[in-house]
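Notes for the one structure printed next.
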Amino acid sequence: MSKYIPEVLQGLTLPVISAPMFTVSYPELVKAQCKSGIVGSFPALNARQPEILDDWLYQIKEDLAEFSSSNPGKTVGPIAVNQISHSSNVRLEQDVKTCIKHRVPIIISSLRAPVKEIVDEVHSYGGVILHDVINLRHAMKALEAGVDGLILVAAGAGGHAGTLSPFALVGEVRKCFNGPVVLSGSIANGSSILAAQAMGADFGYMGTRFIASKEANASEEYKSSILNAGASDIVYSNYFSGVHGNYLKESVKNVGLDPDNLPVADKSIMSFKDGRSKAKAWKDIWGAGQGAAVIDDVPNVSEIVDRLKVEYEEALSKICLKSK
């Protein structure tokens, strides 16, 4: 585990960072996650226009401040905003300026390491940058850029994901980095959070579990599909966005495609110039991780986090008993 955890990531009710999910993570979900004492996150591009991002941050910060004032002593988790660092994201500079204006405590960068100027600007107010990586080469590039921590997106993670075993990826990264590490890949219950820490990570990165929550901006059909899915009902393909990711087979079948024989896309089609076209592309194809196999209900976020705490403590107790 890390020798140093930034202050903003200390004191959470659970070592969990919610994954920012395109079209799913809207303010209602983020606020519920933060009020439950974990890191709540959303992609900047979920705000369909740059001005909406500004409004969302005002709204979320004000609501959390009121909640904190009315609930003294209750842990309120920090906000994280995902920024797509890919060159086609024409909103990147403006969205980063908005986050700096609001002094967003955590920036999650992805698809390309952030440039030094962005790193310096976030660090100027004490912000922290965590970067998504799927292998050691990407990790080293991100660290060279000056990011504070790494999110290791291993096999089985929802959305854009890698293929490496979490055991291999965490072990390889830990050989050269002792800073904050977040592990993604089928983290869907309390025991898997503990397992991530046992492997050497500091936090679990959890997405699919929160799609199946009342606060998530997902259709009832999407949520039901997660409840019905096993690990083998997830398909790994780059056909839909140009980058490999995991999707629910049911949603692929629903649009008339064969999930076992999807074409291979050219990575050059990946583009973030038009968020609206991206949203349309993702509307009927549902991202999810293999952790869907252990999800069987759609409760409130607060119920999910409470349950995760119990599961985490029970798993820890079992290990402690076995070690005696």
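The values are calculated or read from the model by the stated rules, or taken from the named source; none is laboratory data. On a predicted model such as this, the values are computed, not experimentally measured, just so you know. Methodologically, a virtual Cβ is constructed for each residue, glycine included, from the backbone with ideal geometry; neighbour enumeration extends over all protein chains shown.
Residue-wise test of (1) part of a helix (DSSP H, G or I); (2) under 17 Å from the mean Cα position of the chain (by Cα); (3) surrounded by fewer than 24 Cβ atoms within 10 Å (Cβ to Cβ); (4) not aromatic (F, W, Y).
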site: K141; (1), (2), (3), (4): yes, no, yes, yes
site: A157; (1), (2), (3), (4): no, yes, no, yes
site: G171; (1), (2), (3), (4): yes, no, yes, yes
site: C176; (1), (2), (3), (4): no, no, yes, yes
site: S192; (1), (2), (3), (4): yes, yes, yes, yes
site: A201; (1), (2), (3), (4): no, yes, no, yes
site: G204; (1), (2), (3), (4): no, yes, no, yes
site: E215; (1), (2), (3), (4): no, yes, yes, yes
site: Y222; (1), (2), (3), (4): yes, no, yes, no
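Collect the residues in region 123-139 that are in a loop (DSSP other than H, G, I, E, B) and either more than 15 Å from the chain's Cα centre (by Cα) or closer than 17 Å to I106 by Cβ (or both), keeping them in residue-number order.
Result: Y125, G126, G127, N135.
So, in region 106-121, of the ones that are β-branched (V, I, T) and either within 13 Å of the chain's Cα centre (by Cα) or modelled with pLDDT of 95 or more (or both), which residue ends up surrounded by the fewest Cβ atoms within 10 Å (Cβ to Cβ)?
Among those residues, the one meeting the criterion is I106.
Hey, can you tell me all the residues within region 230-278 that are modelled with pLDDT of 95 or more and either among the small types (G, A, S) or at positive phi (or both)?
Once the filter is applied, which keeps residues that are modelled with pLDDT of 95 or more and either among the small types (G, A, S) or at positive phi (or both), region 230-278 yields G230, A231, S232.
Among the residues of region 202-261 satisfying the criterion of being touching a helix residue (DSSP H, G or I) at 6+ places or on another chain (Cβ under 9 Å) and among the basic types (K, R), which is nearest to V30 (Cα to Cα)?
K214
Out of region 279-316, which residues are part of a loop (DSSP other than H, G, I, E, B) and modelled with pLDDT under 95?
Start the filter on region 279-316 by keeping residues that are part of a loop (DSSP other than H, G, I, E, B), which leaves 284-286, 288-289, 295-300.
Answer for region 279-316, where residues must be part of a loop (DSSP other than H, G, I, E, B) and modelled with pLDDT under 95: D284, I285, W286.
Pairs, please: C-beta under 6 Å, at least 6 apart or cross-chain, first residue over 26 Å from Y222 (Cα atoms) and in contact (Cβ under 8 Å) with a residue 24 or more places away in the chain and in region 143-159, second assigned to a loop (DSSP other than H, G, I, E, B) and of a type in the set (A, V, I, L, M, F, W, C)?
Final answer for the pair search is A145/A113.
Run down S186, S241 and say which single residue is within 21 Å of P166 (Cα to Cα), touching a residue at least 40 places away in the same chain (Cβ under 8 Å) and outside any helix (DSSP H, G or I).
Just one listed residue meets the conditions, S186.
Filter region 224-238 for residues that are buried (at least 18 other Cβ atoms within 10 Å of the Cβ), in a helix (DSSP H, G or I) and hydrophobic (A, V, I, L, M, F, W, C) and give the result.
Passing the criteria: only I226.
For region 193-211, give me the residue count where each residue is under 13 Å from S18 (Cα atoms) and among the small types (G, A, S).
Result for region 193-211: 2.
Give region 159-169 a look and list any residue that's over 17 Å from V235 (Cβ atoms) and either surrounded by fewer than 16 Cβ atoms within 10 Å (Cβ to Cβ) or touching an Asp or Glu at 6+ places or on another chain (Cβ under 6 Å) (or both), or say none.
Filtering region 159-169 down to residues over 17 Å from V235 (Cβ atoms) leaves 164-169.
Answer for region 159-169, where residues must be over 17 Å from V235 (Cβ atoms) and either surrounded by fewer than 16 Cβ atoms within 10 Å (Cβ to Cβ) or touching an Asp or Glu at 6+ places or on another chain (Cβ under 6 Å) (or both): S165, F167, A168.
Look through R91, R103 and report the one residue that is surrounded by fewer than 22 Cβ atoms within 10 Å (Cβ to Cβ), basic (K, R) and at pLDDT below 95.
Criteria check complete, one pass: R91.
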